[in-house]
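One structure below.
The values are calculated or read from the model by the stated rules, or taken from the named source; none is laboratory data. If you're wondering where the values come from, they're calculated on a predicted model, not measured in any experiment. A quick note on method: Cβ atoms are made from the backbone with ideal geometry, for glycine too, and the neighbour counts reach across all protein chains shown. Note: accessible area is taken over every heavy atom of the protein model, side chains too, but ligands, DNA and RNA are not part of it. Shrake-Rupley method; radii C 1.70, N 1.55, O 1.52, S 1.80 Å.
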Amino acid sequence: MTLEITSEKVQLSDPMLAALDAKTLAIFGNMAIDKRRLPMSQISKRGVPAYVGEWVLDSIVPGSGPLTAEESDKLSRWVSKYIPGPGDNNLIKHRLLAGEIVKLLTSVQVEVVLTRKRQERMAKLPLLGIGDAFISDGLVEQFPDLLKHGMWGVIELVNTPEGVTLNSFRPMQASLNLKLFKDARRQFTLDEWRNLMMISMGYHPGAFTEDEHLLLLFRLLPLVQKNMHMLELAPKGTGKSYIYENISPRVRLVSGGNISPAVLFVNNATDQWGLLARYAIVVLDEVQTLRFDQPGEIIGGLKGFMANNRLTRGGRNETPSDAGLVLLANILLDSRQQPVLEPIVRELPSFLQETAFLDRLRALIPGWQVRKLGGDSFARSVGLKSDFFGDALVTLRDDLDIDQRVTRRVRLTGDKVYKRNEDAVCMIASGMMKLLFPHGEVTNEQFDYYCVRPGKMLRQNVWDQLQMLDGEYRQFDSQIRYEIISG
């Protein structure tokens, strides 16, 4: 099942957009930002994600509308001084060697070394090429996320006889009030809220159809749902990785290099937990081009993790994890803009085509139904700040009331219902509730159309692949059908 995409884009006139801007600013206040300003700032050329760039903008040149020449000049001076650029590593190390205290905006990740010869905490500064800076116990205790997925912030570095030391750390983050987020939803119509979600993601709503809005919103499902494992197949240029790069430090995008069991699960030599233990979402971009070491062990570990939400490797280490795994892959389309291969998962590396692995994916997003991004695709009005937006979505993962409500109301029907299909449909429906109706107020028609129907569609896409690849699955109903129980 796929969405029937029409060529008619969402009608959003300039007065309508201006009214939405005014409402967003009135309700969310300093948690909102004019999305036009970040692309104009060119901050992204320094290698910082949108949630960092918007924080810089609001701190240095707060305001709305296009950046003025004066604002651009002020911002450029600040960025040049405090955000290291390509090739600045040796210059910064030279300043440290000369005894200077260096103040910078950068990402910091702390690792703990516990060996017989070394027992210490080390700060890793990837943008500076420094992997063993000293950091005080007090800073680590004050900001425990440094030990998990790392944090962005303003730091002070000084060189000592023992090595480079991180003297201070001031994190960049928006204050999160989830009640504000939910209460705010009541003041927007569904269309206004959906448009606001699109703008907050960085898109211009009027550049897409309503069904394309849903396809793009599907990419947010792993943020609001624990253990949401998904696959998106699409041609180049549809922005598959765009949102994951820019929304939250709790999302880790891997777009090159080697993928090994130690990277994903745990390094048994050092007992250092891998990405799936440290991040809310791990995204493997362009999986056909990644180099997978020990693919047999990787697929075995992923199947176990996706089935029971626990990470282990060789039985030596074990920990629970609620991370979502997202696979992104480019595919070829024919002249009708439909996938060339059938089953379409033939585009994946061979070891990822194993049906026992595919069965554990909750959803397959048909990204080929999203038009390629163009100059008019990106936001040019007021949306939620990326750091606030991302934090709000991740916090909604713990809204068990919505999860339980959906599970009570949705049931698959048929002669031979497959349990994993039902679990996936409910999980997706709950995720769409959290995205579009976080306040919990939804009509039966809206619940069906915007929540359960997408759940059926995304899981049916997975189910169709399984039915084509493995006769074992043909003993169950080929089409997913459901009923909604009143309540």
Checking the condition in contact (Cβ under 8 Å) with a residue 60 or more places away in the chain and crowded, with 17+ Cβ neighbours inside 10 Å, which residue from ASP376, ASP387, ASP322 passes? ASP387
Scan segment 66-100 for residues that are assigned to a loop (DSSP other than H, G, I, E, B) and more than 13 Å from ARG46 (Cβ to Cβ) and jot them down. PRO66, LEU67, THR68, ALA98, GLY99, GLU100
Write out, first by first residue and then by second, each pair whose Cβ atoms fall under 8 Å of each other, whose residues are 6+ apart or on separate chains, and whose first residue, in segment 52-76, is within 11 Å of LYS385 (Cα to Cα) while the second is open to solvent by 70 Å² or more (accessible area, probe 1.4 Å) and in a helix (DSSP H, G or I). GLY53/SER44; ASP58/ASN30
Of VAL266, VAL254, the only residue that is hydrophobic (A, V, I, L, M, F, W, C), open to solvent by 10 Å² or more (accessible area, probe 1.4 Å) and in contact with a strand residue (DSSP E or B) (Cβ under 8 Å, 6 or more places away or on another chain) is VAL254
So ASP448, is it over 17 Å from LEU216 (Cα atoms), at pLDDT 95 or above and part of a helix (DSSP H, G or I): yes
Could you tell me whether ASN227 is open to solvent by 10 Å² or more (accessible area, probe 1.4 Å) and closer than 24 Å to ARG459 by Cα? yes
Every residue in segment 418-439 that is more than 20 Å from the chain's Cα centre (by Cα) and either under 18 Å from LEU221 (Cβ atoms) or open to solvent by 60 Å² or more (accessible area, probe 1.4 Å) (or both), please. LYS419, ARG420, ASN421, GLU422, ASP423, VAL425, CYS426
Just to be sure before I move on: is ARG185 surrounded by 13 or more Cβ atoms within 10 Å (Cβ to Cβ), at pLDDT 95 or above and among the basic types (Lys, Arg) in the structure I sent? yes
Can you say whether LEU393 is buried (at least 20 other Cβ atoms within 10 Å of the Cβ), in a helix (DSSP H, G or I), of a type outside the set (D, E, K, R) and under 21 Å from the mean Cα position of the chain (by Cα), as far as the supplied structure shows? yes
What residue, among those in segment 129-163 that are in a strand (DSSP E or B) and of a type in the set (Phe, Trp, Tyr), is least open to solvent (accessible area, probe 1.4 Å)? TRP152
Of all residues in segment 24-45, how many are in a helix (DSSP H, G or I) and open to solvent by less than 60 Å² (accessible area, probe 1.4 Å)? 9
Residue tally, condition touching a Pro at 6+ places or on another chain (Cβ under 8 Å) and farther than 10 Å from LEU328 by Cβ, over segment 277-287: 2
Output the number of the condition that ALA363 fails; it satisfies all remaining conditions of (1) open to solvent by less than 10 Å² (accessible area, probe 1.4 Å); (2) under 17 Å from the mean Cα position of the chain (by Cα); (3) free of Cβ contacts under 8 Å to residues at least 40 places away in the same chain. (3)
Regarding LEU166, is this residue touching a helix residue (DSSP H, G or I) at 6+ places or on another chain (Cβ under 8 Å) and open to solvent by less than 20 Å² (accessible area, probe 1.4 Å)? yes
